[in-house]
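Okay, so here's the structure we're looking at.
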Amino acid sequence: MLTRRTLGALAAAALARPALAQPWPPRDLTGIIMWGAGGATDVVARALTPHVEAALGAKIVLQNRPGGVGAIATQAVHAAPADGLTLLYGAENPQLHKVLGLAQIDYADFFPVNVIARGVGVIVANTSKPWTSLKALVDDITANPGRVRMGATGPGGLPHVIGAMLNAVTPVRVIAVPFDGEGPGLTALQGGHVDFMPVGVAAAAEHIRAGRVKPIAVVNPEPVPTLPEVAPVTADFPGFARYLPWGPFYGVWVKRDTPAPVRARLVEAFRTGAANPAFVELMARNGNILMNISGDEADAFLKRWQSVTSWLLQEAGAARRSPEEFGIPRP
Amino acid sequence: MTPEHVLMSWLDPVLFAATALGTLAGIWIGAIPGLSVTMAVSILVSFTFAWPLEPALALMAGVFTGGVYGGSRSAILLNIPGGPAAIATALDGYPMAQRGEAGAAIGLTTLASFLGGLIGVAALALGAPAIAEVAILFAPRDYLLLAVLGLLLVGSLSGESLAKGLFAAGLGVTLGLVGLDPMTAEPRFTYGSVELLGGIPYIAAMIGFFGVAEALSQLRLPDAEPIRQRIGRIVPPCATLLRHLPLALRSSGIGVVIGALPGTGGDIAALMAYDHARRSTRAPAHPFGSGAEEGVIAPEAANNAAVGGAYVPMLTLGIPGDAVTAVLIGALFVHGLKPGPMLMIETPHLFWFTVGNLLLANLALLAFGLAGARAFARIAEVPRAVLVPLILVLCVVGTFAIRNSLTDVWWMLGFGITGYGLRLYGFQPGPIILGMILGPLMDASWRRTVIAAGDDVLAAAIEAAGSTISLILVAAIVLIVLRSFSRGKGPA
């Protein structure tokens, strides 16, 4: 069955792409996931890959190589040959590795096969808090500087960046308490150990729906389909608009100098896979916005994201090295 | 109550088979050092991607239950815990096997695991929402206090010298700090190496310090006659069971609570139960550390009770109780469900299906556990020339499988050689692993506590004084320390 499918795909590939001297891929591909099993990146990778395998006519063997906020997986794929047989399944993190002083490799060293989807942030609060709007929250923080506790996930994480945006739009002083991830942070929020937290809609949607946390505002220029009732941050603070849209994203990369025909083959397979209705539905259900872009379009998105976020961190005093050092332009 | 869903996996042959086979596979996977339950369940998520939801969940619940139990097998027979939850089991299980009582030790652990598992399921079925609400009230400071409580275990794990135990625990804490600082992402002890940014997994250390070090120790006496095992009686006599029942029940209680806490799992539960057994048993037939039956019952009851405990916050709130349930939450996503607080309200059948399924998995554990005990006990009789190379191969494979990293394999081998040297001088590996598990928990919890109080330690202490949970934990710590002093044994 597999052989027939593989042969069929190879035959089709040979017809469609005469530029490839030999049938490609010659063997199974390896996909290295930069986050652990069960996390957001892992779920996206494992849900998408079967559809891509069908389109590619080859197997992609997935491995989790978590650690170092994605630096280890990025390094591993970068060390592999540029033959398109080793794929990096990643999230936004490497785009901040330079300014955070973690590594010298980012997505500029890779070719974006597909930027699959992006997430949207939402600011949620403990249900016992009186706030009903972002303005009320900000007023309370201003009245009690350094008293209100914000859940966070460490430098460069979504809460940290959205906190920096808020601070840039309207100066606020909060206590940021870092947790091991969005899940543990939301748990602490429900236990009353922090007062509010910016998190991904994907992580918070079900807790909001159950009324266990209170949505304050979505970090997007307009309301999102998953949370149609929740006001966008720009309603109270139009200044947010210049950073948006912003959010975590998930994608697949190969080394930049991978041969063009191989890139094209992968781009095609991932574009078909990411358009599969089952996958599209999963993304919508998780509160992600499907992007399914590649090549120059994806590169432009990645550059803008890096520029906006790096300079935000620089202005918030959270960057260890200035984006200027790496030639990252101001947004 | 929807009893038809409780019985779903009992009546449907496919689900029944998935649960039973999952449990059997779990026992084997769990028994192989390094092949962890988390890993097995993660692999199954992609393997069962195209399956309907129920058989996938049934298989994973079986692997979870069987795997936690399976870790005790290699702990007893080879002195190599199959997973971190079985570290405590090796302390008295292996000496039992050395006395020729491997069969009896397996029998006891099987019954203790079964009882613990049942209590875990009962807690899940009867008290899940209430337990989950209490679990989320645990603040960072309470995790800090739990870690302190855990550190008092060093005394129980040190062997003959507390000083050497403290040294080993300190080494473990230091190793646990390698990698990115969890608060600031500052690289610590990485010396510019990208591979070290990810830290050193404590499983790699566990495999090295226990597995390789044990293999090397056995090589010292390659021709030693293997211990003849008395395998006539696997199921212990009724009187023995009744005598140990109260301890098994208390240990299961520890397991449920620690398992249900989102920040801790079966590994800490088992170690705490072992410590509890040491402190509460007045006159064991054999002293602890030389094959006390209580020393295998307590951790095994606790780690299997922690399975049910871990499902509590997962099913009621969509919050993972441990690493395995975190993977299960990902699996629910892939299968088109929305794990979260609404899961139990909108799909209550899933909750009752899981309860019935775990019950079945525990029965399968009992059946497979007792049926295979005699054959397994014979492993202790395998000549060393065959056993030692086999152990080394499994150690390498298991370590590589943690996160597909060759660096981890080198670390593991290095730890093995170091561990062998330490062992010759009377340093125990238990406190090292304890340090690696508790060190990062203490580090993060302490800093979270102080940060949340506005960098004011006094304010943090005042806040703790107003919390019932914190006061109970402080009282427990004070009581344990005072009692140790009053018995003249020194602290811990």
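The values are calculated or read from the model by the stated rules, or taken from the named source; none is laboratory data. Computed from a predicted model, the values in this text were never measured in an experiment. A quick note on method: Cβ atoms are made from the backbone with ideal geometry, for glycine too, and the neighbour counts reach across all protein chains shown. These area figures cover heavy atoms from the full protein model, side chains too; ligands, DNA and RNA do not enter into them. Shrake-Rupley method; radii C 1.70, N 1.55, O 1.52, S 1.80 Å.
For residue A:136, all conditions in the list (1) surrounded by fewer than 21 Cβ atoms within 10 Å (Cβ to Cβ); (2) away from every other protein chain (no Cβ under 13 Å); (3) modelled with pLDDT under 95 hold save one; what is the number of the exception?
For residue A:136, the exception is condition (3).
I'd like to check something: does the stretch A:177-191 contain any residue that is within 9 Å of chain B (Cβ to nearest Cβ), assigned to a loop (DSSP other than H, G, I, E, B), among the aliphatic types (A, V, I, L, M) and touching a residue at least 12 places away in the same chain (Cβ under 8 Å)?
So far as the stretch A:177-191 goes, no, none of its residues is within 9 Å of chain B (Cβ to nearest Cβ), assigned to a loop (DSSP other than H, G, I, E, B), among the aliphatic types (A, V, I, L, M) and touching a residue at least 12 places away in the same chain (Cβ under 8 Å).
Return the residue satisfying two criteria in turn: it lies in the stretch B:187-201 and is surrounded by fewer than 19 Cβ atoms within 10 Å (Cβ to Cβ) and either touching a helix residue (DSSP H, G or I) at 6+ places or on another chain (Cβ under 8 Å) or at pLDDT 85 or above (or both), and of such residues it is nearest to the other protein chains (Cβ to nearest Cβ).
Going through the qualifying residues, I end up with B:190.
Just checking, does the stretch A:162-175 include any residue being within 13 Å of chain B (Cβ to nearest Cβ) and not in a loop (DSSP other than H, G, I, E, B)?
Yes: the stretch A:162-175 contains one or more residues that are within 13 Å of chain B (Cβ to nearest Cβ) and not in a loop (DSSP other than H, G, I, E, B).
Residue under question is residue B:439, and the condition is that it be more than 14 Å from chain A (Cβ to nearest Cβ), part of a helix (DSSP H, G or I) and within 30 Å of residue B:162 (Cβ to Cβ); does it hold?
Yes.
Run down A:71, A:58, A:47 and say which single residue is in the same structural domain as residue A:259 (by TED's automatic domain parsing) and in a loop (DSSP other than H, G, I, E, B).
A:58
Residue by residue, here is whether (1) among the aliphatic types (A, V, I, L, M); (2) out of contact with any His (no Cβ under 6 Å at 6 or more places or on another chain); (3) closer than 23 Å to residue A:57 by Cβ; (4) not in a helix (DSSP H, G or I) holds:
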position	(1), (2), (3), (4)
A:230	yes, yes, no, yes
A:234	no, yes, no, no
A:250	no, yes, no, yes
A:253	no, yes, yes, yes
A:257	no, yes, no, yes
A:261	no, yes, yes, no
A:267	yes, yes, yes, no
A:271	no, yes, yes, no
A:278	yes, yes, yes, no
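Give A:223, A:248, A:261 a once-over and let me know the one that is out of contact with any helix residue (DSSP H, G or I) (no Cβ under 8 Å at 6 or more places or on another chain), open to solvent by less than 50 Å² (accessible area, probe 1.4 Å), farther than 24 Å from residue B:132 by Cβ and more than 14 Å from chain B (Cβ to nearest Cβ).
Result: A:261 is the single residue among A:223, A:248, A:261 that is out of contact with any helix residue (DSSP H, G or I) (no Cβ under 8 Å at 6 or more places or on another chain), open to solvent by less than 50 Å² (accessible area, probe 1.4 Å), farther than 24 Å from residue B:132 by Cβ and more than 14 Å from chain B (Cβ to nearest Cβ).
Of the residues B:121, B:154, only one is open to solvent by less than 10 Å² (accessible area, probe 1.4 Å), of a type in the set (A, V, I, L, M, F, W, C), under 20 Å from the mean Cα position of the chain (by Cα) and at pLDDT 95 or above; which?
B:121
Quick grid of which residues meet (1) at pLDDT below 90; (2) under 26 Å from residue B:158 (Cα atoms):
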residue: B:387; (1), (2): yes, no
residue: B:412; (1), (2): no, yes
residue: B:451; (1), (2): no, no
residue: B:457; (1), (2): no, no
residue: B:462; (1), (2): no, no
residue: B:469; (1), (2): no, no
residue: B:472; (1), (2): no, no
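Going by the conditions given, is residue A:115 touching a residue at least 60 places away in the same chain (Cβ under 8 Å), in contact with a Pro (Cβ under 7 Å, 6 or more places away or on another chain) and crowded, with 24+ Cβ neighbours inside 10 Å?
So residue A:115 fails the test.
Pairs under 6 Å by beta carbon, first residue part of a loop (DSSP other than H, G, I, E, B) in the stretch B:316-327, partner among the polar types (S, T, N, Q), six or more apart or different chains?
As it stands, the answer is B:319/A:187, since those pairs meet every condition given.
Among the residues of the stretch B:328-335, are any surrounded by 24 or more Cβ atoms within 10 Å (Cβ to Cβ), under 18 Å from the mean Cα position of the chain (by Cα), more than 14 Å from chain A (Cβ to nearest Cβ) and in contact (Cβ under 8 Å) with a residue 12 or more places away in the chain?
no
For the stretch B:234-265, which positions are closer than 22 Å to residue B:97 by Cβ and either open to solvent by 40 Å² or more (accessible area, probe 1.4 Å) or assigned to a helix (DSSP H, G or I) (or both)?
Matches in the stretch B:234-265: B:235, B:237, B:240, B:241, B:243, B:244, B:247, B:248, B:251.
Is it the case that residue B:42 is of a type outside the set (Val, Ile, Thr), modelled with pLDDT under 95, under 19 Å from the mean Cα position of the chain (by Cα) and under 18 Å from residue B:324 (Cβ atoms)?
yes
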